[in-house]
Amino acid sequence: MLDDVQKTWAGILQQRGVTYRHAKLVLYRDLASSGCGRAESATGPFYCPEDEKVYIDLGFYDELKQRFGAPGQFAQAYVLAHELGHHVQNLLGIDRKVRVLQEQNSGAANALSVRMELQADCFAGIWAKSTDQRHLLEAGDVESALGAAAAVGDDRLQRMATGHVSPDSFTHGSSAQRTEWFQKGMKGTIEACNTFQQ
């Protein structure tokens, strides 16, 4: 799966004159060290631009299935494709620009974070579209990915944790936004994933 996502992006970026550097995947349980600091199970999956690695605690996949009700291999593939979407943002310079904007305007930091996350969801959808075009999708795969996207929406996670929702504190987007942007990616191109112009 890792190789397939990266091969897909290498081809897409090559057409744009951008060289794709392969990210590394670090699978761990409970605790790992990253170029961005300690990775703990509570952190959830993340991409570190400092070392160009994706970190996934295997316990998260268990939680995705059991606690969040998003089982299936394609749900797991969505998570990996989303994190590699952050790698694509890094390679395109989007990550750096957003971090500068967040430093310049701390009040907009969460809103900018949401746009970054939704774009990564859209990029995951672009990869999913490529698997469909290559006839690799099986019945229920897209629904599995959409279920995973909805399962990790800020509104759902906040409601589960506290019983109420606080949109101002969102950092990843609502369940509806996350599924919407994944679907946009399945229909579009990098340009269709410009969450910053919405």
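The values are calculated or read from the model by the stated rules, or taken from the named source; none is laboratory data. Treat the numbers as computed from the prediction; the structure is a model and nothing was measured. Every residue, glycine among them, receives a Cβ derived from its backbone with ideal geometry; neighbour counts consider all protein chains shown. Protein only, heavy atoms only, side chains kept; ligands, DNA and RNA dropped before computing areas. Shrake-Rupley method; radii C 1.70, N 1.55, O 1.52, S 1.80 Å.
Per-structure values
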{"quantity": "Matching helices (runs of 4 or more DSSP H) fully within the stretch 28-112 where at least 3 residues are open to solvent by 70 Å² or more (accessible area, probe 1.4 Å) and modelled with pLDDT of 95 or more", "calculated": "94-104"}
{"quantity": "Failed criterion for residue 121 (all others in (1) in contact (Cβ under 8 Å) with a residue 60 or more places away in the chain; (2) touching a Lys or Arg at 6+ places or on another chain (Cβ under 7 Å); (3) open to solvent by 20 Å² or more (accessible area, probe 1.4 Å) hold)", "calculated": "(3)"}
{"quantity": "Members of the stretch 5-27 found to be in contact (Cβ under 8 Å) with a residue 60 or more places away in the chain and not in a loop (DSSP other than H, G, I, E, B), listed by number", "calculated": "5, 6, 8, 9, 12, 13"}
{"quantity": "Unmet criterion (only one of (1) over 15 Å from residue 8 (Cβ atoms); (2) at pLDDT 90 or above; (3) open to solvent by 50 Å² or more (accessible area, probe 1.4 Å)) for residue 136", "calculated": "(1)"}
{"quantity": "Conditions (1) within 13 Å of the chain's Cα centre (by Cα); (2) open to solvent by less than 40 Å² (accessible area, probe 1.4 Å); (3) over 28 Å from residue 15 (Cα atoms); (4) touching a residue at least 60 places away in the same chain (Cβ under 8 Å): number failed by residue 144", "calculated": "(1)"}
{"quantity": "Failed item in (1) of a type in the set (Ser, Thr, Tyr); (2) in contact with a helix residue (DSSP H, G or I) (Cβ under 8 Å, 6 or more places away or on another chain); (3) open to solvent by 30 Å² or more (accessible area, probe 1.4 Å), with residue 162 passing the rest", "calculated": "(2)"}
{"quantity": "Helices (runs of 4 or more DSSP H) within the stretch 137-190 that include 2 or more residues closer than 20 Å to residue 74 by Cα", "calculated": "141-151, 175-187"}
{"quantity": "Sole exception among (1) at pLDDT below 90; (2) part of a helix (DSSP H, G or I) for residue 127, by number", "calculated": "(1)"}
{"quantity": "From the options 112, 118, 80, 84, residue that is hydrophobic (A, V, I, L, M, F, W, C) and either over 14 Å from the mean Cα position of the chain (by Cα) or farther than 28 Å from residue 194 by Cβ (or both)", "calculated": "112"}
